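Here is the structure we will look at.
The values are calculated or read from the model by the stated rules, or taken from the named source; none is laboratory data. Note that the structure is predicted; figures quoted are calculated from it, not measured. Glycine gets a Cβ as well: all are built from the backbone with ideal geometry, and neighbour counts include every protein chain shown. The accessibility values were calculated without ligands, DNA or RNA, using every heavy atom of the protein model including side chains. Shrake-Rupley method; radii C 1.70, N 1.55, O 1.52, S 1.80 Å.
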Amino acid sequence: MNNLPDFPWDRLVPYKERAAAHPDGIVDLSVGTPVDSVPPLVRAALIEAADSPGYPLTHGTTALREAASGWLARRHGVRVDQRDVLPLIGSKEFVAWLPTYLGAQRVVFPELAYPTYDVGARLAGAHGTAADGLLALGPEPVDLVWVNSPGNPTGKVLPAEHLRKVVAWARERGAVVASDECYIELGWEEKPVSILHPDVCEGSHEGLLAVHSLSKRSNLAGYRAGFVTGDPALIGRLLEMRKHAGMLMPQPVQAAMAAAFADDDHADAQRERYAARRAVLRPALEKAGWRVDHSTAGLYLWATNGEPAWEQVGRLSENGILVAPGEFYGSAGERHVRIAITATDERIDAAVRRLQ
Ligand SMILES: Cc1ncc(COP(=O)(O)O)c(C=O)c1O
């Protein structure tokens, strides 16, 4: 079986080498991996649970599930029963396998999107369609619609009104809506809303799944910690399949995740770090001739100077700055670059100096 796309990051390697040759070193704003420390209270919880000889539960501990549902209620006005929380070994594995779990034949995802939605459709042998407007899809059945707000790569926020229409459209057709909300705590100019918020779903979670991650909120990309929640019947089916497939989150990570969701202070501090980096990088890019589109939330600046994406990547790499070409995320990105705000303050300052 190989209907998978080439791994796009390999094509960035020559630009990475060029950027690394800068006398003051590379500023890598391409991948968007967290660089700040794991919060001490999360590390303490991990260590405390280090002696975990037995198998963990696929469904996770009650403490983990209660912490996750408590966070959703406290921070996002979403009420879910703790039994409807299902731990994920990072959200990426779930994005990649959801179409397979659902037996989906047709999957729809945004035109500019995180590539794993497409990969998931391919792994399931399903037909993947990149489309923002559902009306253009025609009468063929659809099994799964992905939405992603705030979005990667554009940083665009989908308003409640838009999400309501997606939910209504999908419910009419019996399609599942999976909402990837891994950047939900990182709204800058707009407040992102969950698909499970009563303003969107009118109190019923039927046919809806919300996918969350601690990678960005709590710098836990290295722990692999996320969860999915929503429609109790769907969660029940997913739990059964994941039990059979051995998708077990390690017990110490479960303990770390419970501690992270029970605490907001560290997440607020991390948010402030990103806000400060964004506040200096964005005007520096604009002064240097880039226009920033969308990007009202999330961890990326979606920028263009009008040139083809790879020329922009090349130009910035001459200055020791590595960014991702927009076409990694869909052909509509062929004149944009995605610039992550996930470098240290020192590296962001270096980028700002180089752009002057
Ligand atoms: C839109 C989106 N979804 C999911 C993920 C996967 O995150 P993780 O597997 O770390 O939870 C990412 C990672 O950057 C992403 O950008």
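Note on the range 194-212: residues that are within 16 Å of the ligand (Cβ to nearest atom) and not polar (S, T, N, Q) amount to 5. The number of residues in the range 274-306 that are in a helix (DSSP H, G or I) and either closer than 24 Å to Tyr114 by Cα or open to solvent by less than 30 Å² (accessible area, probe 1.4 Å) (or both) comes to 8. Looking across the range 220-229, the residues that are of a type outside the set (A, V, I, L, M), open to solvent by less than 10 Å² (accessible area, probe 1.4 Å) and within 11 Å of the ligand (Cβ to nearest atom) come down to Gly226, Phe227. Within the range 54-68, not a single residue is surrounded by fewer than 22 Cβ atoms within 10 Å (Cβ to Cβ), within 20 Å of the chain's Cα centre (by Cα) and not in a loop (DSSP other than H, G, I, E, B). Given the structure, is Glu334 surrounded by 15 or more Cβ atoms within 10 Å (Cβ to Cβ), in contact with a helix residue (DSSP H, G or I) (Cβ under 6 Å, 6 or more places away or on another chain) and among the charged types (D, E, K, R)? No. Cβ-Cβ contacts under 8 Å between residues 6 or more apart (or on different chains), taken from a first residue in the range 77-102 that is free of Cβ contacts under 8 Å to residues at least 24 places away in the same chain and over 16 Å from His244 (Cβ atoms) to a second residue that is within 14 Å of the ligand (Cβ to nearest atom) and part of a helix (DSSP H, G or I), are listed as Gln82/Ala68.
Evaluated against (1) more than 16 Å from the ligand (Cβ to nearest atom); (2) touching a Phe, Trp or Tyr at 6+ places or on another chain (Cβ under 9 Å); (3) under 19 Å from Leu209 (Cα atoms), Leu102 falls short on exactly one condition, (2).
So how many residues does the range 11-34 have that are open to solvent by 70 Å² or more (accessible area, probe 1.4 Å) and within 21 Å of the chain's Cα centre (by Cα)? The number of residues fulfilling the criteria is 2.
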